[in-house]
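Asker: My questions all concern the structure below.
Read-outs: derived from the displayed coordinates by stated rules, not from any lab. Note that the structure is a prediction, hence the values are computed from the model and not measured. Heads up, the Cβs are rebuilt from the backbone with ideal geometry, glycines too, and the neighbour counts pull from every protein chain shown.
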Amino acid sequence: MSNPRPRTPDPESQTSNSESFRWDVYLQMNEIQDDKIHWFSIINSLVIVVFLTGIVGIIMTRILRKDFARYNEVALRFVQTPNPKL
């Protein structure tokens with residue numbers, strides 16, 4: 001009969017020496033690859049940041065224009081209404 005549960009590694013069987021070898025693969029990758037700057041990724045990120053900043057700027061400008069127009073309209077109405085107490 002086969003065991004239906006998958007077999008997992010026993011934590012006690014692993015030695016501390018195998019832990020040190022685990023990171024060797026990642027540390028050796030830097031030696032194999034050239035340390036090239038990924039210009040495409042940097043420029044792509046900058047374009048996205050500028051684009052999103054522009055969108056937020058346009059939205060804020062439209063909102064502020066409407067607010068200033070509304071406040072100026074209220075201020076003009078307040079100035080134009082005669083004071084009945086005079």
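Asker: Please name which of 57, 80, 38 has its Cα lying farthest along the dipole of segment 37-86 towards the positive end, using unit charges on Cβ (Lys, Arg +1; Asp, Glu -1) and the Cα centre as origin.
Answerer: Ranked along the dipole, the leading option is 80.
Asker: Using a 7 Å offset from the Cα along the Cα-to-Cβ direction at both residue 66 and residue 21, what is the distance between the two label points in nm, to one decimal?
Answerer: Going by the 7 Å Cα→Cβ label model, 6.6 nm.
Asker: Hey, with R₀ at 35 Å, roughly what FRET efficiency would residue 75 and residue 49 work out to, going by the Cβ-Cβ distance, to 0.05? Don't skip to the answer; put the middle values down first.
Answerer: Working: r = 38 Å, r/R0 = 1.08.
Efficiency, rounded to the nearest 0.05: 0.40.
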